[in-house]
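> Can you read through this structure? Questions will come right after.
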Amino acid sequence: MKEILGKYIPEHAVDPVFELIKSFGVHLKIVDERVTRHGDYRRLADGGHQITVNTNLNSYRFLITLIHEIAHLVAFKKYGHRIKPHGKEWKHTFQNLMLPFIRPEIFPKQLLPIIANHFKNPKASSDTDAKLSLALKGFDPPSDKSYIFEIPTGSLFKIYNGKIFQKGNRRIKRYECKETATGKIYLFQPNAEVELLK
């Protein structure tokens, strides 16, 4: 297991993550990319715990995602299954589990203040924290994708399912975008990844 973890997370995080996986009896599955999520936790029918994480994540996002999912398991064990999935119990658990990893041996110096700020009040997804999402993207392999906030207003873009939209104005936190085929308006997060059409 340590060898496998070493391929996906920073070297100095391998031993402590392995200990977490062992102590909580996690069955970790590394799966093909899912567009709607980076990872997921579920309790199995036999009482075991399965966590899946997407294979395409860079090592820093992979680590944050894995600890995020372990925090679900730990919070449910400690507080019971009636808590909100991303409520205060989960946030507190996620902060405590993540704290030992927020150090320069694991994360690059430029990421540390952004990660520390995120963990003052962690969100349900690292993608909803635009600063963190953008900082983590800097460690991804080169891609033809752009964030919505980076592309010019009025430009056309395509999303993962092939649908084409035209970028509109910003409404508080999100962008209004019109689907070209139907004329319907949809709201997009500023850091949604899209393919800009020339």
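We did not get these values from a lab; they are worked out from the coordinates using the rules stated. Worth saying up front: this structure is predicted, and the values here are computed from it rather than measured. Note that each Cβ is placed from the backbone with ideal geometry, even for glycine, and that neighbours are counted across all protein chains shown.
> For LEU132, what charge total do you get from the other residues with a beta carbon under 14 Å from its beta carbon, if Lys and Arg give +1 and Asp and Glu give -1?
Value of the local net charge: +2.
> OK, next. What does the charge count around ASN121 come to, taking other residues whose C-beta lies under 15 Å from its C-beta (Lys +1, Arg +1, Asp -1, Glu -1)?
+4
> May I pose another question? What's the FRET efficiency of GLU195 with HIS27 using the Cβ-Cβ distance as r and R₀ = 41 Å, to the nearest 0.05?
Step by step, r from the Cβ atoms, then E = 0.75.
> Looking at the square roots a ≥ b ≥ c of the eigenvalues of the Cα gyration tensor of the stretch 1-78, which shape do they give, rounded for a/c under 1.5, prolate if a/b is larger than b/c, or oblate?
Oblate, because a/c is 1.5 or more while a/b does not exceed b/c.
> How would you order 7-17, 107-117 from highest to lowest mean count of nearby Cβ atoms within 10 Å?
7-17, 107-117
> If we count other beta carbons within 10 Å of each Cβ, what is the order of SER146, SER133, fewest first?
Result, fewest neighbours first: SER146, SER133.
> Would you calculate the volume per residue, in Å³, of the smallest convex hull containing every Cα atom of the stretch 146-196?
Convex hull of Cα atoms, per residue: 63 Å³.
> Taking the Cα centroid of the stretch 39-63 and of the stretch 106-121, what is the distance between the two, rounded to the nearest whole Å?
Centre-to-centre (Cα) distance: 22 Å.
> For the residues MET98, MET1, what sequence is obtained by ranking on other C-beta atoms within 10 Å, fewest first?
Listed from fewest to most nearby Cβ atoms, that is MET1, MET98.
> Provide the FRET efficiency to the nearest 0.05 for the SER155-ASN121 pair, computing r from the beta carbons and using R0 = 35 Å.
With a Förster radius of 35 Å, E is 0.60.
> Can you check what the net charge comes to around THR180, using other residues whose Cβ is under 12 Å from the Cβ of THR180 (Lys, Arg +1; Asp, Glu -1)?
Residues near THR180 contribute +4 overall.
> Where does the chain land at 222 nm, in deg cm²/dmol rounded to the nearest 500, when only DSSP H runs of n ≥ 4 count, each adding -39500 (n - 2.57), divided by all residues?
When only DSSP H runs of four or more count, the value is -9500 deg cm²/dmol.
> Which length gain, in nm to one decimal place, applies between LYS131 and ILE164 when the Cα-Cα distance is subtracted from 0.36 nm times their residue separation?
Gain on extension, LYS131 to ILE164, equals 9.3 nm.
> Moving on. Taking neighbour Cβ counts within 10 Å as the exposure measure, how do ASP140, ASP127 sort from fewest upward?
The fewest-first ordering by Cβ neighbours comes to ASP140, ASP127.
> Label points 7 Å out from Cα along the Cβ direction at LYS7 and ARG34: separation in nm?
2.0 nm
> Same structure again: State the percent of C-alpha pairs, over all pairs in the chain, separated by a distance greater than 19 angstrom.
Value for the chain (Cα pairs over 19 Å): 64 percent.
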